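The values are calculated or read from the model by the stated rules, or taken from the named source; none is laboratory data. Here the structure is a predicted model, which means the values were calculated and not measured. Note: ideal-geometry Cβ built from the backbone for every residue, glycine included; neighbour counts use all protein chains shown. Only protein heavy atoms, including side chains, enter the accessible area calculation; ligands, DNA and RNA are left aside. Shrake-Rupley method; radii C 1.70, N 1.55, O 1.52, S 1.80 Å.
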Amino acid sequence: MRLVSLGIVVAALAVSPVFADPREDAEAIVDATIKPETFEAAFRALGGLLVGNIQNEVREAGGDMSPETAALLNDMILRASTNAMVEKLREPLTEVYRASFSEQLLADYRAFLESGSGQEMLLKQPALMLESARVGEAVGSDIGASALEIMRTQLVEGDVPIGASKSAENELREMLGIRVEIQPPL
């Protein structure tokens, strides 16, 4: 009977995932989820904004930057930034995971990430980030166009946030091509 009980315990241990302490689980989660490829996808999605800002800075300084040079600059910034970002985030994010989740949840999440389904999701994460950014940009463009019309109407009707300065309000009106008609005092 003892031999049967010992066999059951050994069999249960053989099929159960055995994980280290919570810190090791948190480190494994961070290492699996925070990869240069993921940051590269995020940075690439924001790349147009970054390059646009740099081109504006160059113009303001009296220079000019071709689109080809801007693309090269963006690629070089990506390469320089992604590995550094991952390296600098590893320790603080490990602590965030440890402080945010129970030991059991860390172990469960790590087990999922190490499973076939978890590995498949991790492989697709960079592409999902790029696609999410594309969809977000399209939705944002639609929302931005409607918001612009709502803002125009609000400015025409004088419906601006309380405390807004008249100079800022007038500057917005001018930027949006809204004529300001000054009424003579009564």
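List of remarks:
- Screening the range 53-83 for residues that are small (Gly, Ala, Ser) and free of Cβ contacts under 8 Å to residues at least 24 places away in the same chain and picking the one that is least open to solvent (accessible area, probe 1.4 Å) gives Ala70.
- Residue within the range 157-168 that is open to solvent by less than 70 Å² (accessible area, probe 1.4 Å), of a type in the set (A, V, I, L, M, F, W, C) and outside any loop (DSSP other than H, G, I, E, B) present: yes
- Test: Leu89 is at pLDDT 90 or above, in a helix (DSSP H, G or I) and surrounded by 11 or more Cβ atoms within 10 Å (Cβ to Cβ): yes
- The range 123-156, subset β-branched (Val, Ile, Thr) and within 30 Å of Ala42 (Cα to Cα), residue most open to solvent (accessible area, probe 1.4 Å): Ile143
- Odd one out for Ala99 among (1) modelled with pLDDT of 90 or more; (2) open to solvent by less than 80 Å² (accessible area, probe 1.4 Å); (3) in a helix (DSSP H, G or I): (2)
- Residues satisfying the stated conditions in the range 4-52, i.e. modelled with pLDDT of 80 or more, surrounded by 15 or more Cβ atoms within 10 Å (Cβ to Cβ) and assigned to a loop (DSSP other than H, G, I, E, B): Ile34, Lys35
- Scanning the range 133-155 for residues that are free of Cβ contacts under 8 Å to residues at least 12 places away in the same chain and more than 30 Å from Ile178 (Cα to Cα) turns up just one, Val135.
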